[in-house]
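Heads up, the thing below is written out as C-alpha cells.
Nothing in this text is a laboratory measurement; each read-out follows from the coordinates by a stated rule. Bear in mind that the values here come from a model prediction, so they are computed numbers and not experimental data. FYI the Cβ positions are ideal-geometry reconstructions off the backbone, even for glycines, and counts take in every protein chain you see.
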Amino acid sequence: GWDDIKRLSRYPYVAIGLHPASYVRLTENSTDEIRRQINKALNRYREELKSDPEFFAYPFGEYTKNFREIIAASGFKAAFGQQSGVAYSGSDQFALPRFAMTESYGDDERFRMAALALPLPVSDITPEDPHLAAGAPSIFGFTLDENLVGKIPQLSCFISEHGKAEIQVVGKNRLELRVTEPFESDRARVNCTMPGPDPKPGEDQRWRWFGLLF
C-alpha cells in the first residue's frame with residue numbers, strides 16, 4: 001500500500017519508480033492511450049509522494065519504438081525492460097536491461113552468475129523496433145565493440161524456440177542471426193554470451209551478457 005511505499009521512499013538507497021496506471025501491455029495501443037496511462041500514474045505518484053519519479057519500467061518489459069520515445073520525452077532519467085544483460089555507460093538509457101530474480105530464476109547460483117556478469121558492448125541493434133510483425137521471418141543484428149573482435153569465435157547466441165543460433169559475421173564486427181521460421185509465442189528472447197577475462201585461481205568464470213526481448 002501507499003503507506004509502505006512512503007516508508008520505503010525515506011531510505012536513501014531506495015528509489016521508487018513508475019509503471020503505467022494499469023499494468024497492461026501497451027505495445028498495441030495508441031500514442032494518446034500510452035500518454036494517458038503515464039500521466040494518470042504520474043499524477044497519483046505526485047499526489048502521494050510529493051515528488052517526480054526518475055525511473056520507469058515497461059510492463060512485462062515490452063515496448064515499441066514509439067513507447068520508448070514517449071518515455072524519453074516524459075522527464076524520466078532512465079527506463080527498464082526485462083531483457084537479460086548488464087547495463088554500462090553505452091547502454092540505451094531508456095531500454096536498460098535487468099536480470100529477473102523470480103521464484104523460478106532466482107536461486108543462489110543464478111544470483112551469483114548475474115552479480116558477476118559483465119557487459120557485452122554492442123551498438124546499431126536491428127530491428128530498431130522490438131515490436132515485430134506476427135509471422136514474419138527475422139534478422140537480428142548488432143555491431144560488437146571492436147575490442148572484442150578477437151573473441152567472436154567464443155560468442156554464443158540462443159534464440160527462444162530455435163536454440164543455438166548460427167552467427168554470421170559481416171565485415172569486421174557486424175553480427176547477424178537469422179530466423180527463417182516464424183515464432184509461435186508472442187515473446188521472443190535473444191541471449192548472447194561471451195567468456196570474460198580468464199579467472200584467477202579460486203575465482204569464478206565471469207561472462208559477458210547481452211539480451212534482447214522482442
I want to check the label-to-label distance for L118 and N39. Put each point 7 Å from Cα in the C-beta direction and report it in nm to one decimal. 4.7
Residue separation times 0.36 nm, minus the C-alpha to C-alpha distance between K151 and V170: what's the value? 5.3 nm
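Tell me the Kirkwood radius of the range 51-125: reciprocal of the mean inverse pair distance over distinct alpha-carbon atoms, in Å.
Evaluated on the range 51-125, it is 13.6 Å.
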By the mean-Cβ-within-10 Å protection proxy, highest first, 31-40, 79-88 rank as 79-88, 31-40
Cα-Cα longer than 25 Å, checked against K50/K77; K77/K151; K40/K77, kept in input order, equals K77/K151
Looking at the chain, I'd like the Rg to Rh ratio, where Rg is from alpha-carbon atoms and Rh is Kirkwood's inverse mean 1/r. 0.99
Mind listing the phi-derived Karplus ³J(HN,Hα) values for the range 170-179, rounded to whole Hz, using 6.51, -1.76 and 1.60 with θ = phi - 60°, and x for any glycine or proline? 10, x, 7, 8, 9, 10, 9, 10, 10, 10
With Rh as the Kirkwood radius over Cα pairs, the range 95-214 has Rg/Rh of 0.97
Report the net charge of residues surrounding M194, where surrounding means a beta-carbon distance below 12 angstrom and charges are Lys +1, Arg +1, Asp -1, Glu -1. +2
Calculated [θ] (222 nm, deg cm²/dmol) that DSSP helices of n ≥ 4 give over the chain, each run adding -39,500 (n - 2.57): -6000 deg cm²/dmol
Other-chain or far-sequence residues with amide H under 5 Å of A79's (modelled H): F56, F94, A95, L96
Gyration tensor (Cα only) of the range 152-214 to equivalent ellipsoid, semi-axes in Å sorted down, yields 26, 16, 8
Quick one, can you get me the convex hull of the C-alpha atoms of the range 81-151 expressed as volume per residue in Å³? 139
Descending semi-axes in whole angstrom, ellipsoid equivalent of the range 111-161, from the Cα gyration tensor: 24, 16, 11
Ordered by packing density, taken as the mean number of other Cβ atoms within 10 Å over each peptide's residues, highest first, how do 19-25, 139-145, 201-207 rank? 139-145, 19-25, 201-207
So how much slack lies between A73 and Y88, counting 0.36 nm per residue of separation and subtracting their Cα-Cα distance, in nm? 3.3 nm
